[in-house]
Amino acid sequence: QVQLVESGGGLVQPGGSLRLSCVASRRIFSIIPMAWYRQTPGKQRELVARITTGGATSYRDSVKGRFTISRDNAKNTVYLQMNSLKPEDTAVYYCNRADGVFDSWGQGTQVTVSS
């Protein structure tokens, strides 16, 4: 059973930055495409950013130019650097596989953007 542990969330003012981390307890991490997702109450979870095994990245339009996804395979960790945060980025952020074969979801990390 793979465990995903997200961290790094918090309360930040509009325009601020946060860096999220996700550690996967997977024996072989480097061959798995990974992604960050987010969810707000009453809404479906949505894909925010993904990164392939080769390091290619893609983003939903609303975060392009502000968020950067990266991975460190030696640490079984995927990151999400979030800059120029907006109130509409407020959500619980989760990481998981990007190929649709989801591992069990972690607890997520809450990001709140508010003045």
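The values are calculated or read from the model by the stated rules, or taken from the named source; none is laboratory data. The structure displayed is predicted, hence computed values, not measured ones. Cβ atoms come from the backbone with ideal geometry, glycine included; neighbour counts cover every protein chain shown. With ligands, DNA and RNA removed, areas are computed over all heavy atoms of the protein, side chains included. Shrake-Rupley method; radii C 1.70, N 1.55, O 1.52, S 1.80 Å.
Calculated FRET efficiency, Lys64 and Arg19, Cβ-Cβ r, R0 22 Å, to nearest 0.05?
Working: r = 18 Å, r/R0 = 0.81.
Plugging the Cβ-Cβ distance into 1/(1 + (r/R0)^6) gives 0.80.
Projecting label points 7 angstrom from Cα along Cα→Cβ for Val5 and Arg26 puts them 1.7 nm apart. Aspartates and glutamates near Lys64 by alpha-carbon distance under 17 Å, same-chain residues fewer than 8 away left out - which ones? By straight Cα distance, Lys64 reaches Glu46, Glu88, Asp89.
Measuring nothing but how far apart in sequence close Cα pairs (under 8 Å, 6+ apart) lie, relative to its length, the chain scores a relative contact order of 38 percent.
Under 12 Å from the Cβ of Cys95, count the other residues' Cβ atoms, weight Lys and Arg +1, Asp and Glu -1, and hand me the total.
Values: positive: Arg26, Arg38, Arg45, Arg50, Arg71, Arg97; negative: Glu6, Asp103.
Net charge around Cys95: +4.
Throw me the Rg/Rh for region 1-69, computed over C-alpha atoms with Kirkwood Rh, two decimals. Across region 1-69, the Cα-based Rg/Rh ratio is 0.97. Here's how it looks for Ser58: its modeled amide H is under 5 Å from those of Arg50, which are all 5 or more places away or on a different chain.
Carbon and sulfur atoms: what percent of the 1.4 Å accessible area of the chain do they account for? Write out the running numbers ahead of the final one.
On the way: 2900 of 6010 Å².
The C+S portion of the solvent-accessible surface of the chain is 48 percent.
Assuming 1.002 mPa s and 20 °C, estimate D for the chain with Stokes-Einstein, Rh taken as the Kirkwood radius over Cα pairs, in µm²/s. Here the translational diffusion coefficient equals 153 µm²/s.
Once the chain from Ser84 to Glu46 is taken as fully extended at 0.36 nm per residue, the excess over their C-alpha distance is 11.7 nm.
All other residues with a Cβ under 13 Å from the Cβ of Ser25 taken together, and with Lys, Arg as +1 and Asp, Glu as -1, what is their net charge?
So the environment of Ser25 carries a net charge of +1.
Taking every alpha-carbon pair under 8 Å whose residues sit at least 6 apart, region 72-115 reaches a relative contact order of 39 percent.
The residues of the chain present an accessible area of 52 Å² per residue when probed at 1.4 Å with all protein chains retained.
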